1. Which whole-Hz ³J(HN,Hα) couplings does segment 8-23 yield from phi under the Karplus relation 6.51 cos²θ - 1.76 cosθ + 1.60, θ = phi - 60°, glycine and proline marked x?
2. Taking N as the number of residues in the chain, what value does Rg over Cα atoms divided by 2.2 N^0.38 Å take?
3. Can you list which of the chymotrypsin sites (Phe, Trp or Tyr not before Pro) found in segment 41-76 are DSSP loop residues with at most 16 other C-beta atoms within 10 Å?
4. Would you calculate, for the chain, the mean residue ellipticity at 222 nm contributed by helices, counting each DSSP H stretch of 4 or more residues as -39,500 (n - 2.57) and dividing by all residues, to the nearest 500?
5. Under a 5 Å amide H to amide H cut-off, with H placed in plane at 1.01 Å, what residues pair with Ala31 once short-range neighbours are removed?
6. Round to the nearest 0.05 the FRET efficiency obtained for Ser26 and Ala71 when R0 = 35 Å and r is the Cβ-Cβ distance.
7. Determine which lysines satisfy two conditions relative to Lys55: a Cα distance under 25 Å, and not lying fewer than 8 residues away in the same chain.
8. Filter the GluC sites (Glu not before Pro) in the chain down to the DSSP loop ones having no more than 13 other Cβ atoms within 10 Å, then list what survives.
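Computed from the coordinates by the stated procedures, all read-outs in this text should not be read as laboratory data. Quick caveat, the model's predicted, so the values are computed rather than measured. In this analysis, Cβ positions are derived from the backbone assuming ideal geometry, glycine residues included, and neighbour counts consider all displayed protein chains.
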Amino acid sequence: MNDRNKDRFDSESGYCRMLGHEVSFSYCRIARNDIPCFRIIDCWFERLPVADYMKENYTEEEQKSILAKPASKINTLYDLIQQAKNRSSTTGS
Ligand code: SF4
């Protein structure tokens, strides 16, 4: 494995449903702080062997974490509220 392999589809581009405009594969593969977008397989599998690309460049564990759907903002907010409630009930305030 090497970085040349990682950029082999960089010149490909397609419409991004999340952003609402055309993006290149080079963006999708680093969309989250140098980590691929979690939708990379869904968006590209019809045009590129993207599942193989992921297998070649990331371990199984990395793929699981990369492809996991991120928590929604509502869930995150709900979790924060629950944590605050739990804290206040244990401190009695
Ligand atoms: S992989 Fe992510 S950034 Fe790339 S086109 Fe799909 S949704 Fe957009």
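1. 5, 9, 4, 7, 6, 9, x, 7, 9, 6, 6, 8, x, 7, 5, 9
2. 1.47
3. Within segment 41-76, the qualifying chymotrypsin sites (Phe, Trp or Tyr not before Pro) (loop, at most 16 other Cβ atoms within 10 Å) are Phe45.
4. -14000 deg cm²/dmol
5. Correct list: Cys37.
6. About 0.85, to the nearest 0.05.
7. Lys6, Lys64, Lys69
8. Glu46
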